[in-house]
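Notes follow the structure.
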Amino acid sequence: MKIFTKVKTVALVVTATVCLTRVKSANTENMVIIPKYNQDNFNQMILGAKFALRNIFNENSEPPKLVPKIPERLNSQSDQIKFVKDSITNNSRSIMISNNAGDEINEHTLAASEQGITVVSFDSPLAGGKKNAGEDLFVAPVDFSKTGKEMARMAYSILGDDGGDFVFLYSSPDATNQNAWVEEMRKELKKNDTYSNINEIGIFYPQNDDAD
């Protein structure tokens, strides 16, 4: 069910991107899609993108060329930046990205926007928004504030009335969606007395080379 949701989300992303860029054909248009890294759910996102293009362009008009750029998991930040810079060099018409590079990517997506490339983020937004990162649109698969509340509820359901300690386990300190979930959960824990006995120890990134 979650995978299907991802497919529909990126189908919506591609539809919005086509509308924003007024993409017409494969002869002159390249649309670059950059997920966080190679993982099944992101591969399903690519399928969602292809599904959208098939439905937007009828059999009498060839769809634009969709160019997936898949970062290596341990080099996701640098790969995403490189792919954005390559898109500028190749004069692509649009970039669709799930940000895993934090603020570091802002100047590059902003440069892409200033060159006339449409910049759309999905799943994980560009922290700089339109002004500092050139983001034309962010499509969120979930409401981040509701995600934080649900995470607090889940922690309580596990720890119970007596409470206890917990840690966040996340893939990257630069994933803007995950950072937003953490902040929303912290707000919920602080304002809701039900969670007064639940104590956060910190955030742990198991994929970091220096993680103990």
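When only residues in region 158-172 that are open to solvent by 60 Å² or more (accessible area, probe 1.4 Å) and not hydrophobic (A, V, I, L, M, F, W, C) count, which is nearest to residue 101 (Cα to Cα)? Quick ask: steps written out before the conclusion?
Initially, region 158-172 is screened for residues open to solvent by 60 Å² or more (accessible area, probe 1.4 Å), giving 158, 161-162, 165, 167, 169.
In the following step, the residues that additionally are not hydrophobic (A, V, I, L, M, F, W, C) were identified as 161-162, 165.
Details: 161: 38, 162: 38, 165: 29 Å.
Among residues in region 158-172 that are open to solvent by 60 Å² or more (accessible area, probe 1.4 Å) and not hydrophobic (A, V, I, L, M, F, W, C), the one nearest to residue 101 (Cα to Cα) is 165.
Kindly indicate whether residue 212 is open to solvent by 70 Å² or more (accessible area, probe 1.4 Å), modelled with pLDDT of 90 or more, outside any helix (DSSP H, G or I) and of a type in the set (D, E, K, R).
Details: open to solvent by 70 Å² or more (accessible area, probe 1.4 Å): yes; modelled with pLDDT of 90 or more: no; outside any helix (DSSP H, G or I): yes; of a type in the set (D, E, K, R): yes.
Against the criterion (open to solvent by 70 Å² or more (accessible area, probe 1.4 Å), modelled with pLDDT of 90 or more, outside any helix (DSSP H, G or I) and of a type in the set (D, E, K, R)), residue 212 does not qualify.
Of the conditions (1) surrounded by 14 or more Cβ atoms within 10 Å (Cβ to Cβ); (2) among the small types (Gly, Ala, Ser); (3) part of a loop (DSSP other than H, G, I, E, B); (4) more than 21 Å from the chain's Cα centre (by Cα), residue 116 clears all except one; give me its number.
The failed condition is (1).
What about residue 118, is it hydroxyl-bearing (Ser, Thr, Tyr) and at pLDDT 90 or above? Show your work before the answer.
Details: hydroxyl-bearing (Ser, Thr, Tyr): yes; at pLDDT 90 or above: yes.
Yes, satisfied.
Does any residue in region 111-136 that is under 17 Å from residue 180 (Cα atoms) and in contact (Cβ under 8 Å) with a residue 24 or more places away in the chain come within less than 6 Å, Cβ to Cβ, of a residue that is open to solvent by 10 Å² or more (accessible area, probe 1.4 Å) and among the β-branched types (Val, Ile, Thr) six or more places away or on a different chain, and which pairs are these?
Close Cβ pairs satisfying both conditions: 122/139; 124/176; 125/176; 127/176.
When you go through (1) more than 20 Å from the chain's Cα centre (by Cα); (2) at pLDDT 85 or above one by one for residue 185, which number turns out not to apply?
(1)
Just one of (1) of a type in the set (A, V, I, L, M); (2) open to solvent by 60 Å² or more (accessible area, probe 1.4 Å); (3) within 19 Å of the chain's Cα centre (by Cα) trips up residue 56, so point out which.
Unmet for residue 56, out of (1) of a type in the set (A, V, I, L, M); (2) open to solvent by 60 Å² or more (accessible area, probe 1.4 Å); (3) within 19 Å of the chain's Cα centre (by Cα): (3).
Between a first residue in region 66-93 that is among the small types (Gly, Ala, Ser) and a second residue that is open to solvent by 30 Å² or more (accessible area, probe 1.4 Å) and modelled with pLDDT under 90, which pairs have beta carbons less than 6 Å apart while being 6 or more apart in sequence or on different chains?
Cβ pairs passing all conditions: 92/30.
Mind checking which residues of region 79-95 are out of contact with any Pro (no Cβ under 9 Å at 6 or more places or on another chain) and either part of a helix (DSSP H, G or I) or hydrophobic (A, V, I, L, M, F, W, C) (or both)? Walk me through it before giving the result.
So the first thing to find is which residues in region 79-95 are out of contact with any Pro (no Cβ under 9 Å at 6 or more places or on another chain), and the list is 81, 84-92, 95.
If the condition is that a residue be out of contact with any Pro (no Cβ under 9 Å at 6 or more places or on another chain) and either part of a helix (DSSP H, G or I) or hydrophobic (A, V, I, L, M, F, W, C) (or both), then 81, 84, 85, 86, 87, 88, 89, 95 are the ones that fit.
Just to verify a result, which residue in region 142-157, among those that are in contact with a strand residue (DSSP E or B) (Cβ under 8 Å, 6 or more places away or on another chain) and open to solvent by less than 40 Å² (accessible area, probe 1.4 Å), is farthest from residue 182 (Cα to Cα)?
Applying the first criterion (in contact with a strand residue (DSSP E or B) (Cβ under 8 Å, 6 or more places away or on another chain)) to region 142-157 yields 152, 155-156.
Now restrict to residues that are open to solvent by less than 40 Å² (accessible area, probe 1.4 Å): 152, 155.
Working: 152: 10, 155: 13 Å.
The qualifying residue farthest from residue 182 (Cα to Cα) is 155.
Need the failing condition index for residue 42 against (1) open to solvent by less than 60 Å² (accessible area, probe 1.4 Å); (2) modelled with pLDDT of 85 or more, just the number.
So residue 42 meets the others, but not (2).
Look at residue 88 and say whether it is modelled with pLDDT of 90 or more and either open to solvent by 70 Å² or more (accessible area, probe 1.4 Å) or of a type in the set (A, V, I, L, M, F, W, C) (or both).
yes
From 124, 76, which residue is open to solvent by less than 40 Å² (accessible area, probe 1.4 Å) and either assigned to a loop (DSSP other than H, G, I, E, B) or touching a strand residue (DSSP E or B) at 6+ places or on another chain (Cβ under 9 Å) (or both)?
Working: 76 fails: either assigned to a loop (DSSP other than H, G, I, E, B) or touching a strand residue (DSSP E or B) at 6+ places or on another chain (Cβ under 9 Å) (or both).
Going through 124, 76 in turn, the sole match is 124.
The values are calculated or read from the model by the stated rules, or taken from the named source; none is laboratory data. In this text, all values refer to a predicted model and were calculated from it rather than measured experimentally. Positions of Cβ are backbone-derived with ideal geometry, glycine not excepted, and every protein chain shown enters the neighbour counts. For accessibility, only protein heavy atoms count, side chains too; no ligands or nucleic acids. Shrake-Rupley method; radii C 1.70, N 1.55, O 1.52, S 1.80 Å.
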